[in-house]
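Reviewing the structure listed below.
The values are calculated or read from the model by the stated rules, or taken from the named source; none is laboratory data. What you see is a predicted model; the values in this text were computed from it and never measured. Cβ placement follows ideal geometry from the backbone for every residue including glycine, while neighbour counts extend to all protein chains displayed. Areas reflect the complete protein model, heavy atoms only, side chains present, ligands, DNA and RNA absent. Shrake-Rupley method; radii C 1.70, N 1.55, O 1.52, S 1.80 Å.
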Amino acid sequence: MNQPFDAAQDLADAPRTGGRQRPKDAATLVLTRSRRGRPEVLMGRRAPGHVFMASKWVFPGGRIERGDFSAAAATELRGADAARLAREVPARRARALALAAVRETFEETGLLLADPAPVVSVAGAWRAFRAEGALPDLAALAYIARAVTPPGRTRRFDARFFMADAAALLHPEPTAGCGELDEIAWIALDETADLDLPAITRFVLGEVRARLEEPDRPLPFVRMVRGRHQIVHQD
């Protein structure tokens, strides 16, 4: 069953400013776990001072950095996920998107979706991650959704959403991270409806619920075409 999408709320989440921003590639990671038979997701509340989505509950994530194109990994994307991304972007950028999801999650929550590895000193965005003695575990990721922010917004992203089980984390509980999220918590999936959520986050949460039952369901792509929201499902 396809998930509902609140188009009116999506426009209210990021009001039109009239700018001509091109969407920047970004990646988001939805971490899941089960506690006492109830599925939970890791979410964080954006600090009130943010220009984009202030005070909203979201998944950790952010845009690609230069270092994501050359960072080492313990494992690579699984074939089906790599193939889905390869339909949209070159293989090198597809891999960088997956790496960005893992790196941004570490920066914002302190969580490492990774395998143990020798401590290595590297320059750039991956310095802190590699200093933890870890290499990203891309095989733990499943590519589950894509969404482009509507035109004319203060910030625009072409965001890819990945999902991973918390069993692949080197440790299970988040830390304060970099401070971009002022609260971080594991939240029962059936309690997320009461949070202040962007429309796309609410939509992806519905997708997560469905994928826990049907992991191979088609991937939704949400964007605005000629002034109207469009959702296309891709195998």
Query raised in the report: Contour minus end-to-end for residue 55 and residue 7, with contour as 0.36 nm per residue of separation and end-to-end as the Cα-Cα distance?
Result: 15.3 nm
Query raised in the report: Give me the log10 of I(q) over I(0) for the stretch 55-164 at q = 0.14 Å⁻¹, as the Debye formula computes it from C-alpha points; what are the numbers?
Result: -0.55
Requested in this report: Compute the signed sum of charges (Lys and Arg +1, Asp and Glu -1) over the other residues within less than 10 Å, Cβ to Cβ, of residue 145.
Outcome: +2
**Report entry** Under Karplus coefficients 6.51, -1.76 and 1.60, residue-wise ³J(HN,Hα) of the stretch 228-234 in Hz, glycine/proline x
**Finding:** 10, 5, 10, 10, 10, 9, 10
Query raised in the report: Once the piece of chain linking residue 127 and residue 231 is laid out straight, how much longer is it, given 0.36 nm per residue of separation minus the C-alpha distance between them?
Result: 33.7 nm
Requested in this report: Give a residue-ordered list of calculated ³J(HN,Hα) values for the stretch 136-152 (Karplus: 6.51 cos²θ - 1.76 cosθ + 1.60, θ = phi - 60°; whole Hz; x for Gly, Pro).
Outcome: x, 9, 6, 5, 7, 8, 10, 7, 10, 6, 9, 8, 10, 4, x, x, x
Requested in this report: With springs connecting C-alpha atoms under 10 Å apart, model the chain as a Gaussian network and identify which of 214, 104, 76 has the largest mean-square fluctuation.
Outcome: 214
Requested in this report: Tally up the carbon and sulfur contribution to the accessible surface of the stretch 124-235 as a whole percent, 1.4 Å probe, everything protein left in place.
Outcome: 48
Report task. Could you list which residues have their amide H under 5 Å from that of residue 24, counting only those 5 or more apart in sequence or on another chain, with H placed in the peptide plane? Result -> 156, 157, 158
Requested in this report: Evaluate Rg over Rh across the stretch 133-235, taking Cα atoms for both radii and Kirkwood's formula for Rh.
Outcome: 0.98
Report summary line: Summed over the other residues with a beta carbon less than 14 angstrom from that of residue 5, with K and R at +1 and D and E at -1, the charge totals 0
Requested in this report: Take the alpha carbon atoms of the stretch 153-204, find their radius of gyration, then divide it by 2.2 N^0.38 Å using N residues; give the quotient.
Outcome: 1.37
Requested in this report: Over the stretch 103-235, give the accessible area per residue in Å² for a 1.4 Å probe, as an integer.
Outcome: 43
**Report entry** Principal axis dimensions, largest first and in whole angstrom, of the chain by Cα
**Finding:** 50, 42, 39
Requested in this report: Taking trypsin sites (Lys or Arg not before Pro) as candidate sites, keep only those in a DSSP loop with at most 10 other Cβ atoms within 10 Å, then name the longest stretch of the chain containing none of them.
Outcome: 88-225
